[in-house]
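Written out below as structure tokens is the structure these notes cover.
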Amino acid sequence: MFDFIFLFLIVIGVAGIIYIYKKYQQDIKKEFEQKDNILLNNKNKWSKVINMQYLDTIESHFTNFVEKLLRRSRIIVLRIDNNISKTLNDIKKKKIIEQEKLKTKHISFSNLNNVRSSSKTLALNKLKKEELALLEAFINDRNNLESYKNLARFYLNHNEYKNCRNVLLEALAIDPNDKIISDLFVVLYEKTK
């Protein structure tokens with residue numbers, strides 16, 4: 001008897017499921033149709049995008065974008081190149097200035113040799129008589145500190161501070177402990193303040 005109840009419950013359950021399915025079949029069908037319509041609409045949208053006329057416009061937009069991108073990147077590269085060129089030129093100018101400063105630190109006596117070879121009147125025009133005598137004494141004995149000191153004093157008295165500094169630097173290279181040379185540096189420093 002209990003077996004009959006169990007079978008009866010199963011039959012009623014299946015009948016209930018069939019009844020519910022039939023009752024809500026239209027709702028379920030409408031829901032599936034809506035989902036199909038949404039998918040179909042999406043397919044239509046993508047088919048429009050893939051359509052050839054849209055491809056042409058997309059291609060033209062893409063080529064315009066790439067062209068603009070390349071032009072702007074070229075401008076950026078050219079600006080960077082311009083800045084690098086300016087920096088390199090500035091570095092070259094600084095090197096040239098430093099080399100000229102180094103050249104002026106060492107006294108060049110090629111002018112004196114040119115003066116000796118040229119006429120006396122030309123020598124008097126370029127150099128004063130005292131300076132010429134001091135320079136000749138200086139050239140005759142380069143290791144004599146007195147000629148350095150005398151020449152430095154002459155340049156100090158005539159306000160030629162650059163030449164004075166150069167002479168004192170060369171004298172300092174010969175004897176760095178000389179008190180008179182260091183005193184002349186102090187005087188030069190005070191005058192150039």
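Numbers below:
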item	result
From the options ASN89, ASN140, ASN114, residue that is more than 31 Å from the chain's Cα centre (by Cα), at pLDDT 70 or above and not hydroxyl-bearing (Ser, Thr, Tyr)	ASN140
LEU127 vs. criteria within 30 Å of ASP183 (Cα to Cα) and either surrounded by 10 or more Cβ atoms within 10 Å (Cβ to Cβ) or modelled with pLDDT under 80 (or both)	yes
Flag if TYR155 is surrounded by fewer than 17 Cβ atoms within 10 Å (Cβ to Cβ), in contact (Cβ under 8 Å) with a residue 12 or more places away in the chain and closer than 16 Å to GLU190 by Cα	no
Long-range neighbours under 9 Å by Cβ, at least six apart or interchain, first residue surrounded by 10 or more Cβ atoms within 10 Å (Cβ to Cβ) within segment 1-22, second at pLDDT below 75	TYR21/ILE28
Residues of segment 167-193 satisfying the condition of being within 17 Å of ASN150 (Cβ to Cβ) and not in a helix (DSSP H, G or I)	ASP175, ASP178
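The values are calculated or read from the model by the stated rules, or taken from the named source; none is laboratory data. The structure presented is a predicted model; accordingly, all values stated were derived computationally and were not measured. Note: ideal-geometry Cβ built from the backbone for every residue, glycine included; neighbour counts use all protein chains shown.
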